[in-house]
Structures are given as structure tokens and as C-alpha cells.
Amino acid sequence: MNDAVKLEARLLTAAELELVAVTRPPEIERQSSDELKAAARRLREAHDRAKAIGTRQAREMRGKAEPRGAMPAKDNSGTVAKAQALREALDRVEAELRRRDGATT
């Protein structure tokens with residue numbers, strides 16, 4: 001298991017891990033275009049959510065926003081890394097969809 005996969009295993013939920021695993025070769029090549037489009041939609045939603053949480057945590061750390069929980073956020077590096085991992089998976093799906101579109105035209 002390489003370092004990126006270990007980091008993702010630590011950062012992502014089980015459902016997100018399953019979704020990201022589909023974006024790696026050779027599994028991505030086994031997926032239909034419709035399955036990849038659905039995966040891209042779910043990855044985009046998860047990425048947007050993680051990015052919004054990271055932004056909120058950054059505002060809490062700077063004192064610009066009220067804390068959502070009992071304590072204000074002290075660190076958002078895990079959330080930022082999670083958003084980055086989801087973005088990388090989304091980029092892989094989009095590249096595969098572009099490759100397939102180029103092969104059919």
C-alpha cells in the first residue's frame with residue numbers, strides 16, 4: 001500500500017474510500033461511462049462539502065466566525081487534505097471520461 005492510499009484510509013470515511021478506490025486503475029477501466037458519471041457527481045458533492053467545512057474551520061480559527069461546535073476549530077489540515085484527496089479522485093474520473101469521449105469521436 002503506497003503512502004497516498006494510507007493517507008486516504010486515514011482521512012476518508014468508508015463510503016468515501018470505496019468511492020475513491022473505484023477511481024484507481026484497473027478498477028476505473030472496468031466502470032461504464034454512466035457509473036463514472038455517477039461517481040464524479042458523488043465525488044464532486046463530497047469534495048464541495050469537505051471544502052466548505054475546511055473554509056468554515058479556517059474562519060473559526062481566525063475568529064471571523066462563531067464555532068459550530070462546543071469548541072472552535074484549532075486545525076483544519078485534515079479537512080483540507082480530505083478535500084484534496086477527493087479532488088484528485090475526481091480529476092482521475094474526469095480524465096477517464098475525456099479519454100473515452102476522445103476515443104469514440
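When residues of segment 23-54 are filtered for being of a type in the set (Val, Ile, Thr) and over 12 Å from the mean Cα position of the chain (by Cα), how many remain?
Number satisfying all stated conditions: 2.
Could you list, in sequence order, the residues of segment 57-105 that are surrounded by 10 or more Cβ atoms within 10 Å (Cβ to Cβ), of a type in the set (Lys, Arg) and in a loop (DSSP other than H, G, I, E, B)?
Correct list: ARG68 only.
Return the only residue of ASP91, ASP34, ASP75, ASP101 being among the acidic types (Asp, Glu), touching a residue at least 12 places away in the same chain (Cβ under 8 Å) and at negative phi. Quick ask: steps written out before the conclusion?
On the way: ASP91 fails: touching a residue at least 12 places away in the same chain (Cβ under 8 Å); ASP34 fails: touching a residue at least 12 places away in the same chain (Cβ under 8 Å); ASP101 fails: touching a residue at least 12 places away in the same chain (Cβ under 8 Å).
After applying the criteria, what remains is ASP75.
Since every read-out is calculated from the coordinates, none of them should be taken as a lab result. The structure presented is a predicted model; accordingly, all values stated were derived computationally and were not measured. Don't worry about glycine lacking a Cβ; one is built from the backbone with ideal geometry, like all the others, and counts go over all protein chains shown.
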